[in-house]
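Heads up: the structure comes next, in structure tokens.
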Amino acid sequence: MKWKLVLAGVASLHASMVFADFDQGLFEYKKGNFASALYEWRQSAEKGDIESQYRLGMMYEKGQGVPSNLKKASKWYRLSADAGHPPAQIKVADMYLSGRGEKADPAAAALWYQRAARQGAAQAQFRLGLLHLEGRGVEKNDAEAAKWFKAAAEQNVTSAQNNLGSLYENGRGVEQDDAKAFQWYSKAAKEGDAYAQNNLGAMYARGKGVKRNHAWAVFWFATAAQNGNRVAADNAAASLRHLRTKRIRVATANIRAGNSTSHDIVAKVKQGDVLHILGSTNGWSQVYLQQQQRLGWISSSLLE
């Protein structure tokens with residue numbers, strides 16, 4: 001019994017020293033002292049701390065505190081991954097998929113994504129879904145893709161939500177269901193995913209999974225365009241013919257981000273400019289300025 005107590009005490013001391021090294025490394029890293037962070041994390045990594053091994057891999061990959069070295073990055077990621085650390089498993093998978101730091105091997109990438117995905121790592125679930133959708137490193141299987149996209153989507157990965165919506169809309173790997181497609185597009189769109197915003201606009205424009213509403217279609221197309229979706233502006237143009245238009249009746253006016261003068265100005269307009277009307281409330285009109293591809297609000301009293 002005495003020996004057990006002594007050994008337990010040694011193990012506890014060792015663990016405390018490892019945590020101290022890691023915490024000091026994190027402190028130095030946050031201050032931008034990368035060389036010092038590298039030194040501290042190396043101490044704890046060599047003692048078997050999987051988070052330190054992962055962080056050390058990141059520093060070698062990014063060239064922080066040390067020249068970039070993908071082979072050394074892979075070495076430390078792999079040590080952490082072998083011990084079951086999901087972020088490191090994702091990094092190892094990424095390297096196999098891209099051929100950076102490891103010889104390109106999509107099948108090995110799929111294996112490592114699967115290990116992380118089974119532990120609940122949302123990004124691994126999403127990427128594994130992509131591999132099944134594309135048939136890279138695994139057999140092409142839309143049902144498996146849908147399974148992993150759903151797992152990631154339920155953890156709020158917006159790209160997975162958008163992709164799951166597309167599978168439901170097109171009946172790939174799941175039973176075709178426009179209502180569920182609309183539901184998943186909506187979740188991702190509201191979180192800022194430009195692809196989902198464009199897809200949601202299309203659902204409103206076509207009346208799929210929701211009652212047709214061209215004002216909402218233009219809203220989501222315009223939002224997607226403002227977030228960088230390249231086809232959304234053209235999609236918006238197709239729905240604009242269904243909306244009312246009004247002109248600016250004063251010399252100059254401001255379009256704002258919200259329906260009060262306390263909101264930021266998002267565009268300036270002049271007399272005669274044409275605005276498409278999406279809706280009105282409390283003396284303000286929500287509008288779309290096609291020339292600038294801008295959404296916003298303007299006092300209804302400034303329109304004719």
Next on the checklist: Let me check I've understood the local charge: for Ala145, count other residues with C-beta under 13 angstrom from its C-beta, Lys and Arg +1, Asp and Glu -1. What total comes out?
Outcome noted: +2
Checklist entry - Taking amide hydrogens as modeled 1.01 Å from N in the peptide plane, which residues meet the under 5 Å criterion relative to Ser280, leaving out close sequence neighbours? => result Gln286
Item to check | Positive minus negative residues near Val218 (Lys, Arg vs Asp, Glu; Cβ under 13 Å) | outcome: +3
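Using the 10 angstrom Cβ neighbour count as an exposure proxy, how do Met58, Met95 rank, fewest first?
Met58, Met95
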Checklist entry - Can you give the net charge of the other residues whose Cβ lies under 12 Å from the Cβ of Val157, counting K and R as +1 and D and E as -1? => result 0
Next on the checklist: Using Cβ counts within 10 Å as a stand-in for footprinting exposure, how do Glu304, Glu175, Glu191 rank, fewest first?
Outcome noted: Glu175, Glu304, Glu191
Item to check | Alpha-carbon centroid distance for the pair segment 77-118 / segment 241-275, whole angstrom | outcome: 52 Å
Checklist entry - Which helices count as membrane-span-like in the chain under these terms: full DSSP H, at least 15 Å along the axis by C-alpha, Kyte-Doolittle mean of 0.5 or more? => result 214-226
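Ratio of the chain's C-alpha Rg to 2.2 N^0.38 Å, to two decimals? Walk me through the numbers before you get to the answer.
Working: Rg = 26.5 Å, N = 304, 2.2 N^0.38 = 19.3 Å.
Dividing the Cα Rg of the chain by 2.2 N^0.38 Å gives 1.37.
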Checklist entry - Hey, which lysines would be in cross-link range of Lys147, C-alpha to C-alpha under 18 Å, not counting anything within fewer than 8 residues on its own chain? => result Lys180, Lys187
Next on the checklist: Taking 41 Å as R0, compute the FRET efficiency from the Cβ-Cβ separation of Asn227 and Ala104 and round it to 0.05.
Outcome noted: 0.80
Item to check | For peptides 291-299, 112-120, sequence by mean Cβ density within 10 Å, most packed first | outcome: 112-120, 291-299
Checklist entry - Ratio of Rg to Rh for segment 244-304, alpha carbon only, Kirkwood? => result 0.90
Item to check | Kirkwood-based shape ratio for segment 113-269, expressed as Rg/Rh from alpha carbons | outcome: 1.10
Checklist outcome for this item: Final fewest-first order of Ser285, Ser98 on the 10 Å Cβ neighbour count is Ser98, Ser285
Checklist entry - Length gain on complete extension for the stretch Lys62 to Glu191, per 0.36 nm per residue less the alpha carbon to alpha carbon distance? => result 43.6 nm
Checklist entry - What does the helix-only formula give at 222 nm for the chain: each DSSP H stretch with n ≥ 4 adding -39500 (n - 2.57), the total divided by the residues, and the result rounded to the nearest 500 deg cm²/dmol? => result -19000 deg cm²/dmol
Checklist entry - In nanometres, what is the gap between the two model label sites at Arg244 and Ser301, each 7 Å from Cα along Cα-to-Cβ? => result 1.9 nm
Checklist entry - To the nearest Å, what is the center-to-center distance of segment 33-49 and segment 146-223, using C-alpha atoms only? => result 44 Å
Next on the checklist: Percent of Cα-Cα pairs more than 15 Å apart in segment 156-242, please.
Outcome noted: 51 percent
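Which pairs break 29 Å Cα to Cα here: Lys140/Lys211; Lys31/Lys75; Lys30/Lys150?
Checking Cα-Cα distances, Lys140/Lys211; Lys30/Lys150 exceed 29 Å.
No value in this document is a laboratory result; all are computed from the given coordinates. Keep in mind that what you see is a predicted model, and the values were worked out from it rather than measured. Note that we place each Cβ from the backbone using ideal geometry, even for glycine, and neighbour counts take in every protein chain shown.
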